[in-house]
């Protein structure tokens, strides 16, 4: 009923369609493995079991909780219901301070202690880095 050319075109279109589906599936699967979910200290308290995967915990840095020594910084993240003690070795962002938002990425040792490998300071939507602000001022003049 259909000619050889029509059957060949239909086969190639089907092959391309299936290839696109396979590529999309593999891309989504690989991204899924690298996703780090954001939790609050209350979410961690309510976990049924601890996981050894990397996790991100966000909240506010509790007032008067930052303790620094030569190689480590310890502080408490709070969501005003529960608290989480965080220990971090490394340099902290400039925006990191008490009473400000923070996201700590690391591994849970128990429900109330996180060994962080990365600290991300959060800022509001009106924040602009000083370098950008100065460049805009220079461009206005």
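The values are calculated or read from the model by the stated rules, or taken from the named source; none is laboratory data. The shown structure was predicted, so the numbers you read here are calculated from the model rather than taken from an experiment. FYI the Cβ positions are ideal-geometry reconstructions off the backbone, even for glycines, and counts take in every protein chain you see.
Things to note:
- In the set 43, 79, only one residue is in contact with a helix residue (DSSP H, G or I) (Cβ under 6 Å, 6 or more places away or on another chain), under 20 Å from residue 102 (Cα atoms) and either modelled with pLDDT under 90 or exposed (fewer than 13 other Cβ atoms within 10 Å of the Cβ) (or both); that residue is 79.
- Members of the stretch 71-110 that are part of a loop (DSSP other than H, G, I, E, B), under 15 Å from residue 41 (Cβ atoms) and touching a strand residue (DSSP E or B) at 6+ places or on another chain (Cβ under 8 Å): 79, 80
- Filter result (free of Cβ contacts under 8 Å to residues at least 40 places away in the same chain and surrounded by 15 or more Cβ atoms within 10 Å (Cβ to Cβ)) within the stretch 96-112: 96
- Condition check for residue 66: surrounded by 11 or more Cβ atoms within 10 Å (Cβ to Cβ) and over 17 Å from the mean Cα position of the chain (by Cα): yes
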